[in-house]
Each structure stands twice: as C-alpha cells, then as structure tokens.
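**Q** Quick one: the structure is below, and I'll ask about it shortly.
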Amino acid sequence: MANSERCRTTVASVYRGTFLHSTTKTALQILEDALLGVNTEGKIAFVGEGYELEKLSQTFGFSPSEVIQLAQHEFFMPGMIDTHIHASQYSYAGTALDMPLLQWLNTYTFPVESRFKDLEFAKKVYTQVVKRTLRNGTTTACYFATIHTDASLLLGQIANDFGQRALVGKVCMDRNNSVKLYKETSQESQDEAYRFIKELLNRKYPLVKPVVTPRFAPSCTEALLTQLGAIAKNNNLHIQSHISENNEEVELVKDLFPGSESYTDVYHKCNLLTNKTVMAHGCHLSDKELALFRETGASLSHCPNSNISLCSGVLNVRNVLNHKVKVGLGTDVAGGYSSSVLDAVRKAIDASKVLTIQNPGHKTLSFEEVFRLATLGGSQALSLDDQTGNFEVGKDFDALRVNVAAPGGPIDLIQHEEPKILLEKFLNLGDDRNLVEVFVAGRKVVPFTEPGSE
Ligand code: GUN
Ligand code: FE
C-alpha cells in the first residue's frame, strides 16, 4: 500500500464483537463476531469478520493485540438521533402537561423561554440538557433554542464542548404571542437569524451547525417565513419547524393563511420545504400533503410522547413510510416529558399499537423498524446520513457501547440470549446505566472527560 493511502486509513481503535445497525434494505442487520476499525479522523475505516483479523491487521497496520473485545452481553449500536428537542424547555420537562398546545405555549412555554435573555440561566439549562441527552445516548440532536441569539450561540458552544453532533436553531417568531417580554419584530427576527447563522458558521465547529427555525406558521408572518426561506436557500442551510400538530392549530393556520391550500402549502410557498427540512409532528397531514413532503424531500420528526402528553393526535407512521417520506424520532422536550430517545422508541411502538387497536388492519411498527427510525431514519430525516446513522464504512463512528447486563442496571438476564433479543430487551427496558460508553465521530463523549463536567 502506498504511504499516502496508509496515512489516510491509519486506524486509531479496533473493536471486536456484536454490532447491530440498520441499512436502507434491512431494519436490523446483525453482525456477530465482527471487527470494526475507527481511523484517526473518527471515521469507520473497515467492517469485517473476526476470522479476517490477520488480513485486516496487515492492511490497516494495527496489532491484533490492540483489538478491544466486547464483553458478554455487550453490543455496539449506532448513536441515537433526536430529530426534535427544545433545549430551552428542559428546565420544566416532566411538568405542565395539562393543556392543549396553544394554551400550553402561552401559559408555560413562552414565559420560560423569555428567561434565556439571561446568559447565566441559559448556560445552566443548556449544559444540563446536553449532558443528559449524551448520557441517554443521543449522539445527534436537532435543537430549538429561543429567540435570543447570544444564548443560542452558547448552546452551540456547549454542544461542541461536550462533543455532541447538533443542529442548533435560534427561534424566529414575529406575531401572536401574548407574553410581553418574549417578542421580536419582523426586522429583528430576520436580522438576528442572520447574525446567528453567520456567527455560528464562523466558529467552524466540526459537528455543530445552524438550522433556520421559524417557530411555526401561527407565530410567523408570511413576510418573515419568506425571508427565512430565502436565507436558507442562499446559504444551503437546514430548516426546522412544526406542522399539523393539533386540530386547533390546523384551523388557526387556515384562518391566518386563507390564500394557502393547506398547512404544508404555507411552508412550500415560502421555500421552506427542501431536502434539508425537518418538520415536527404532522399528525393531521393529508395524503396530498405527504405527497408534497415526498416531492420536496422534506422529512417528519415523529414525537409520540409529546403527541400523547398534549393530547395532540397520533401520527400514522406506517402511512408516512408508505408515502416514502423520510421520518425520524423526536423527544420534543418539554411537550414530551422524556429527554431519552429510548422513551421515544417505546412511545412510537405504543402509538402504533393504539392505531392497530382502533383498526386491526393497521400494520403495527416492529421494534426493528422503530430501531431504524431512532438511528438511520433520524440521520436521513436530518440529511446527515452521509455522516451518521449506521456503521457504513466512511461514516463517522457515532456509537453506543451497550451492556445489557450492566451491574446495577435495569435488566436481569436469566439466560444467554441472542443479539436480537438483547436489542429488544435494551430498547424496552434499558436506560443510561446500560450505556457503558458513547462515541461521537470516534471521540468518547460518555463517560465525560471535560474537567469539572461530572
Ligand atoms: N409549536 C410551536 N411551538 C411549539 C413548541 O414549543 N412545542 C411544541 N410541541 N409545539 C410547538
Ligand atoms: Fe416542538
């Protein structure tokens, strides 16, 4: 091998054991006694089988004695992807779930979000949410912050410091808000969105990028939506918002945008539906609207905890998949009370089972399919599937080292179980005690190593 080639493929660590991941063809691919090499850039250099150790060690220049062997009951799976989480709402997660969406926003959400003008408060909450989600195995998060540019930049800095892959959005909203201290004018919103994007990009964080974030159509004038669509287009940026979460909101959008054919059409007209757009919820979208998602390449974030907690609706994920619309999972903290994607996995299965109870002809999502939503599906929904989502060679090594039988953990294994059963047990019963190590782009981010970060 030429020297230059060897340099490029210099391997930093090699693991041997069970690897579980999804591909576009298979919801669950099981690789037993596999070898996976991570290069010095944090990318997956090779995936092979145990018997190929000799050959791979020669090709990639590592010593077989350096190979890290997974223990019994351990496996690697891809890091989980939270496609929709409000970092700023983490302070009241687990409370305030007694109202429908629009009342909930005015009563609880906007007053709390207004506090992020205070950078000390922002630092405290944002540090906690980044640490908690990393511990829970969220290697990629798509965050809503608040309207405050400097606090939103701070969220980006904290995610970068702890090594989480993140899209960070400064929220834009220029109407229909009853909370006095949480307002911006159209001009401010647009100018600050631009400043946020420019400053975050200037910092050149390798894993943290800005996302254009109109809160949702009822909070934005058409003029602001149009401006944000243009900013996203001119800078080739990600876009996130909410759509069709509850019926009252859908009716409100009809009243506010009488010239639009549908809620989806409101965003489409403003160039906000692209293949880098993720929209949360979509519980009440028509098949015609789903077809427009498919056409534009926009995706959905399924947030079942929030949809149930705020009594918003039940998204039919099977129908979304049948329309070939990209879909991932979101916690939607604090509308969803849990910051763990594992909880989103369980609630997604429960929601699908409710649909089957209501209509026995409905094909329930399998745990393998929901595993794919939590990993590869999420990466596709965020258009980051060239970098993360599974263990394909060339992608970044974003991974969870899971010990299903972790001492002091929540799972009792009575007998030796095959990998598929281990995964099913972990998804249904596991928690952060089972996550021995968490890696993002090859860097071990859990347990924490930053001084004073414990
Ligand atoms: N729609 C607009 N803003 C929000 C929010 O903060 N949470 C949820 N769940 N839906 C929204
Ligand atoms: Fe949300």
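**Q** Quick check, is THR107 within 27 Å of the chain's Cα centre (by Cα), within 16 Å of ligand 1 (Cβ to nearest atom) and not aliphatic (A, V, I, L, M)?
**A** Judged against the criteria, THR107 is a match.
**Q** Only one of these conditions is not met by VAL171: (1) in contact with a strand residue (DSSP E or B) (Cβ under 6 Å, 6 or more places away or on another chain); (2) closer than 26 Å to PHE439 by Cα. Which number is it?
**A** Checking VAL171 against (1) in contact with a strand residue (DSSP E or B) (Cβ under 6 Å, 6 or more places away or on another chain); (2) closer than 26 Å to PHE439 by Cα, the one that fails is (2).
**Q** Please enumerate the residues belonging to the stretch 346-363 that are touching a helix residue (DSSP H, G or I) at 6+ places or on another chain (Cβ under 7 Å), touching a residue at least 40 places away in the same chain (Cβ under 8 Å) and farther than 16 Å from SER309 by Cβ.
**A** Across the stretch 346-363, the qualifying residues are HIS362, LYS363.
**Q** Right, next: Restricting to the stretch 18-33, count the residues that are of a type in the set (A, V, I, L, M) and either modelled with pLDDT under 95 or touching an Asp or Glu at 6+ places or on another chain (Cβ under 6 Å) (or both).
**A** The first filter runs over the stretch 18-33 and keeps only residues of a type in the set (A, V, I, L, M), leaving 20, 27-28, 30-31.
Now restrict to residues that are either modelled with pLDDT under 95 or touching an Asp or Glu at 6+ places or on another chain (Cβ under 6 Å) (or both): 27-28.
Selection size over the stretch 18-33: 2.
**Q** Just wondering, is there one or more residues in the stretch 148-158 that are part of a helix (DSSP H, G or I) and under 14 Å from the mean Cα position of the chain (by Cα)?
**A** Looking through the stretch 148-158, none of the residues is part of a helix (DSSP H, G or I) and under 14 Å from the mean Cα position of the chain (by Cα).
**Q** Using beta carbons and a limit of 6 Å, which pairs, at least six apart or on different chains, have the first residue in the stretch 429-448 and at negative phi and the second one modelled with pLDDT under 95?
**A** From the stretch 429-448, the pairs are PHE448/GLU454.
**Q** Can we say SER88 is of a type outside the set (Val, Ile, Thr) and either away from ligand 2 (no atom under 16 Å from the Cβ) or under 20 Å from GLU437 (Cβ atoms) (or both)?
**A** no
**Q** Residue check: is LYS347 of a type in the set (Lys, Arg), out of contact with any Cys (no Cβ under 8 Å at 6 or more places or on another chain) and over 24 Å from VAL14 (Cβ atoms)?
**A** Judged against the criteria, LYS347 is a match.
**Q** Just to be sure I understand, how many residues within the stretch 374-423 are crowded, with 17+ Cβ neighbours inside 10 Å and part of a helix (DSSP H, G or I)?
**A** 11
**Q** Collect the residues in the stretch 345-363 that are assigned to a loop (DSSP other than H, G, I, E, B) and either small (Gly, Ala, Ser) or buried (at least 18 other Cβ atoms within 10 Å of the Cβ) (or both), keeping them in residue-number order. Steps first, please.
**A** Filtering the stretch 345-363 down to residues assigned to a loop (DSSP other than H, G, I, E, B) leaves 359-363.
Listed by number, the list holds a single entry, GLY361.
**Q** Here's a follow-up. Conditions: (1) within 22 Å of the chain's Cα centre (by Cα); (2) farther than 23 Å from LYS170 by Cβ; (3) within 12 Å of ligand 1 (Cβ to nearest atom). MET279 meets all but one. Number of the miss?
**A** Here MET279 meets the rest and fails (2).
**Q** Answer yes if at least one residue in the stretch 195-217 is within 16 Å of ligand 1 (Cβ to nearest atom) and over 29 Å from GLN387 (Cβ atoms), and no otherwise.
**A** yes
**Q** If you scan the stretch 77-101, which residues turn out to be of a type in the set (A, V, I, L, M, F, W, C) and either touching a Phe, Trp or Tyr at 6+ places or on another chain (Cβ under 9 Å) or outside any strand (DSSP E or B) (or both)?
**A** MET77, ILE85, ALA87, ALA93, ALA96, LEU97, MET99, LEU101
**Q** Something else: Looking at the stretch 108-159, which of its residues are surrounded by fewer than 24 Cβ atoms within 10 Å (Cβ to Cβ) and of a type in the set (Gly, Ala, Ser)?
**A** SER114, the sole residue that qualifies.
**Q** Can LEU207 be described as touching a Phe, Trp or Tyr at 6+ places or on another chain (Cβ under 7 Å), farther than 18 Å from LEU105 by Cβ and not polar (S, T, N, Q)? Steps first, please.
**A** Details: touching a Phe, Trp or Tyr at 6+ places or on another chain (Cβ under 7 Å): no; farther than 18 Å from LEU105 by Cβ: yes; not polar (S, T, N, Q): yes.
The answer is no for LEU207.
**Q** Does LEU342 fit the bill of being outside any strand (DSSP E or B), over 21 Å from GLY94 (Cα atoms) and hydrophobic (A, V, I, L, M, F, W, C)? First the steps, then the outcome.
**A** Working: outside any strand (DSSP E or B): yes; over 21 Å from GLY94 (Cα atoms): no; hydrophobic (A, V, I, L, M, F, W, C): yes.
No.
**Q** While we're here: Mind telling me which of the residues LEU252, LEU273, LEU329 ends up being crowded, with 19+ Cβ neighbours inside 10 Å, hydrophobic (A, V, I, L, M, F, W, C) and within 16 Å of ligand 1 (Cβ to nearest atom)? Talk me through it step by step, then tell me what you get.
**A** Values: LEU252 fails: crowded, with 19+ Cβ neighbours inside 10 Å; LEU273 fails: within 16 Å of ligand 1 (Cβ to nearest atom).
The conditions single out LEU329.
**Q** Can I ask one more? Scan the stretch 204-256 for residues that are part of a loop (DSSP other than H, G, I, E, B) and farther than 22 Å from ASP82 by Cβ and report the count.
**A** 4
The values are calculated or read from the model by the stated rules, or taken from the named source; none is laboratory data. Remember, predicted model here, so these are calculated numbers, not experimental data. Cβ atoms come from the backbone with ideal geometry, glycine included; neighbour counts cover every protein chain shown.
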